[in-house]
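Structure record follows, encoded as structure tokens.
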Amino acid sequence: MNEDQVYPPAPDFVHRAHVSGMDAYKALYEHARTQPEDFWRSLAEKELFWFEKWDHVFEWDPPRVKWFAGGKTNVCYNCVDRHAEGAREAKVAIQWIGEPGDERAITYRELLRMVSRFANVLKACGLAAGDRAVIYMPMVPEAAVAMLACARLGIVHSVVFGGFSSEALKARIQDLGAAVVLTADGGWRRGKEVRLKDAVDQALEDCPTVRDVIVLRRTESQVKMRDGRDHWWHELEAAASDDCPAEPLDAEHPLYVLYTSGTTGKPKGILHTTGGYLLQTTMSMKWVFDIRDEDVYWCTADIGWVTGHSYVVYGPLSAGATTVMYEGAPDYPAFDRWWRIVEKHRVSIFYSSPTAIRALIRQGDQWPNACDLSSLRLLGSVGEPINPAAWEWYYRVIGKGCCPIVDTWWQTETGSILIAAMPGAVPLKPGSATLPMPGILPEVIDFSGNPVPDGQEGFLIIDRPWPSMARTLWGDPQRYEDQYWRRVRGKYFTGDAARRDADGYYWILGRVDDVMNVSGHRLSTMEVESALVRHRAVAEAAVVGKPHEITGQAVCAFVTLKEGNWDHHRLGGELRQWVAKEIGAFARPEEIRFTEALPKTRSGKIMRRLLREIVTSHTVSGDVTTLEDLSVVTRLSSQPSDED
Ligand code: WT7
């Protein structure tokens, strides 16, 4: 596909869109650029409910920022109460589909009742604003209820993806000093039970701060309940009252911490706060998803990732939308599962990832073609650049050539979408995230911090703070500053490479740090390495991402072993399993390569660049003068591997 191929928005889409036509986009963008205070103030007044007005729209003392500080609001109130007590009372807030086929349609009024009761449960456990709750749940409505109930009281939540192992769960509970864990007996995935409560029990052997565990009954399997610590969700809820007013909280009150991989072995706890986060996630529902009351909106992300926070729960509910939640796998019981859901529930906006799309392409067009997808009007993509072949298939086979595709670039740290097309305004170029949102000033710079000319590659940075940006890393403000704000003072360093073309469109080229992107999920090379070296057989490990047809990148580990008589084939399998246990199944290396030594610089730093070259091209070129032992490289590149 030609990079210059442009898809202008269809006239009828433009006509009905929230942001209609390129001039409207430009006007918004210019307003935000030239008068940021006025721009965000008027949106905050118009789009959100406030108990009390703020003192200043923003205060910027890099890297510290405050948005609407002094203002009092509540995320849960904005997502639930204001709709439940208004015209959307009987509108479906959450349309849920369980993997086995059970379904629930929860109206805004019912959601308010569920959230209020559960907030009272949390109160009865002695929790109050500022305490931390860890949520380790399947994709069921109660997971959203748990998040919203925390937000209602100012309890800081941290959702841990259900695919994480008990080890990873433990590390997060400990880092947060959580007082409560909200979980379920299990959840359904490809017809099998994911045993969540068992993992919680293991994690809690070493988590003295946790006083209570609240367990939702989902799979109805046998679980152990520890007296005094573990309680059934339904039993506590039955005793709770429906009445629990939302707490007026400062706009800068912490809303949640979400752990994501950084460049070291220790995950970073990204902290998001209240007012600015909610405002910008709400705005992007209009700007990017063009949300309207009659839409049925479905983002396929799990609530364990930031996409699930901003675009399954907070953004859509604040916008008063119907948000679809599906518990299970896209290929269960068959490859048409997603398309059957679109057909049955008349989904109009569908937001997913390139990796999922590529996996479905492989199964053939007959699956979507057998379904009625005529309700769709807009498609979205997130997690990595969408390759032209996947774009084309998504556009023709799913969108039938009449749904714009919004390719949305953002990060856990950015809180909401920063670069994407407004679909009724911006012509699309497949593979480009297109243009920045209002208030976002991206730049592409070189090593010395100077802007590079259009058309050239460089580091993507963002000038100026935006409302939904992360405020700090939980317990580690120094790392926050070093990681994001030191490269160019006062500007945010994204960790991505990008190029801007002559039309001002951004083309994201991938990470520039030691972070892999596997199935749209961020994974640090160091995190997998640390897990590997904890195994008794491993002396050293170096991990790189290698290109993969479906998942974008796959984990490839180079391992040197301690003295001993090891059966490489067996050990390969054991180490892959080990990583799954230490981190989670999604981090399991696809390939383990045993080697005598790893290529290092004179100062002892592993040269991952060389290893990347080996797994990508099977040869090594480029500068190797700082290598300690060149023969290592030659041996590695000609070596057979222990692959699946
Ligand atoms: C990294 C952030 C934001 C939710 C999903 C991942 C990559 C994300 C795109 C896109 C190209 C993308 C970047 C970014 N990325 N969206 N549309 N085009 N690359 O969140 O785990 O925080 O990862 O994902 O490399 O830095 P995350």
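Things worth noting here:
- Tallying residues that are closer than 17 Å to THR264 by Cα, of a type outside the set (Asp, Glu) and out of contact with any strand residue (DSSP E or B) (no Cβ under 9 Å at 6 or more places or on another chain) within the range 533-588 yields 1.
- Matching residues in the range 471-484 - criterion: being touching a residue at least 60 places away in the same chain (Cβ under 8 Å) and assigned to a helix (DSSP H, G or I): ARG479, TYR480, GLU481, GLN483, TYR484
- Filter result for GLY126 (part of a loop (DSSP other than H, G, I, E, B), closer than 20 Å to ALA240 by Cα and either open to solvent by less than 30 Å² (accessible area, probe 1.4 Å) or small (Gly, Ala, Ser) (or both)): yes
- Residue list for the range 191-213, filter: assigned to a helix (DSSP H, G or I), farther than 23 Å from ALA329 by Cβ and either open to solvent by less than 10 Å² (accessible area, probe 1.4 Å) or not polar (S, T, N, Q) (or both): ASP201, ALA203, LEU204, GLU205, ASP206
- The set of residues from the range 30-56 being open to solvent by 70 Å² or more (accessible area, probe 1.4 Å) and free of Cβ contacts under 8 Å to residues at least 24 places away in the same chain comprises GLU30, THR34, GLN35, GLU37, ARG41, GLU45, LYS46, LYS53, ASP55, HIS56.
Condition check ((1) crowded, with 20+ Cβ neighbours inside 10 Å; (2) in contact with a helix residue (DSSP H, G or I) (Cβ under 6 Å, 6 or more places away or on another chain)) across all residues:
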{"site": "ALA151", "(1), (2)": "yes, yes"}
{"site": "HIS157", "(1), (2)": "yes, yes"}
{"site": "VAL160", "(1), (2)": "yes, yes"}
{"site": "SER165", "(1), (2)": "yes, yes"}
{"site": "ARG172", "(1), (2)": "yes, no"}
{"site": "ALA178", "(1), (2)": "yes, no"}
{"site": "LEU182", "(1), (2)": "yes, yes"}
{"site": "ARG189", "(1), (2)": "no, no"}
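- Qualifying residue in the range 216-235 (condition: part of a strand (DSSP E or B) and either under 16 Å from the mean Cα position of the chain (by Cα) or within 23 Å of ALA319 (Cα to Cα) (or both)): no
- Failed criterion for ASP12 (all others in (1) open to solvent by less than 70 Å² (accessible area, probe 1.4 Å); (2) within 30 Å of TRP393 (Cβ to Cβ); (3) without any contact (Cβ under 8 Å) to a residue 12 or more places away in the chain hold): (1)
- Counted as qualifying within the range 485-546 are the strands (runs of 3 or more DSSP E) with 3 or more residues that are open to solvent by less than 30 Å² (accessible area, probe 1.4 Å), namely 491-500, 506-511, 515-518.
- Scan of the range 57-81 for residues that are surrounded by 16 or more Cβ atoms within 10 Å (Cβ to Cβ) and part of a loop (DSSP other than H, G, I, E, B), ordered by number: VAL57, PRO63, PHE68, ALA69, GLY71, ASN74
- Where a residue in the range 512-534 is at positive phi and its partner, wherever it lies, is within 10 Å of the ligand (Cβ to nearest atom) and not polar (S, T, N, Q), with Cβ under 8 Å and at least six apart: SER519/GLY383; SER519/GLY552; GLY520/PRO354; GLY520/VAL382; GLY520/GLY383; GLY520/GLU384; GLY520/GLY552
- Within the range 384-426, the residues that satisfy the criterion of being more than 8 Å from the ligand (Cβ to nearest atom), touching a helix residue (DSSP H, G or I) at 6+ places or on another chain (Cβ under 8 Å), outside any helix (DSSP H, G or I) and open to solvent by 10 Å² or more (accessible area, probe 1.4 Å) are ASN387, GLY401, PRO404.
- Test: residue in the range 262-270 that is buried (at least 20 other Cβ atoms within 10 Å of the Cβ), in a helix (DSSP H, G or I) and within 16 Å of the ligand (Cβ to nearest atom): no
- Residues located in the range 444-470, provided they are of a type in the set (Asp, Glu), assigned to a loop (DSSP other than H, G, I, E, B) and open to solvent by less than 80 Å² (accessible area, probe 1.4 Å): ASP446
- Of the residues making up the range 214-244, those that are under 23 Å from ASP102 (Cβ atoms), surrounded by fewer than 20 Cβ atoms within 10 Å (Cβ to Cβ) and in contact (Cβ under 8 Å) with a residue 60 or more places away in the chain are LEU236, GLU237.
Each row is one residue, and each column tells you yes or no for (1) at pLDDT 95 or above; (2) touching a strand residue (DSSP E or B) at 6+ places or on another chain (Cβ under 7 Å); (3) within 15 Å of LEU278 (Cα to Cα).
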residue	(1), (2), (3)
ARG16	yes, no, no
HIS56	yes, no, no
TRP67	yes, yes, yes
ALA84	yes, no, no
ARG88	yes, no, no
ALA93	yes, yes, no
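- When residues in the range 292-322 are screened for being in contact with a Cys (Cβ under 8 Å, 6 or more places away or on another chain) and either near the ligand (Cβ under 10 Å from one of its atoms) or of a type in the set (Phe, Trp, Tyr) (or both), 4 of them pass.
The values are calculated or read from the model by the stated rules, or taken from the named source; none is laboratory data. From a predicted model like this one, the values you see are computed outputs, not experimental measurements. Here the Cβ is made from the backbone with ideal geometry for all residues, glycine too, and neighbour counts use every protein chain on show. Side chains are part of the model used for accessible areas, which takes the heavy atoms of the whole protein and leaves out ligands, DNA and RNA. Shrake-Rupley method; radii C 1.70, N 1.55, O 1.52, S 1.80 Å.
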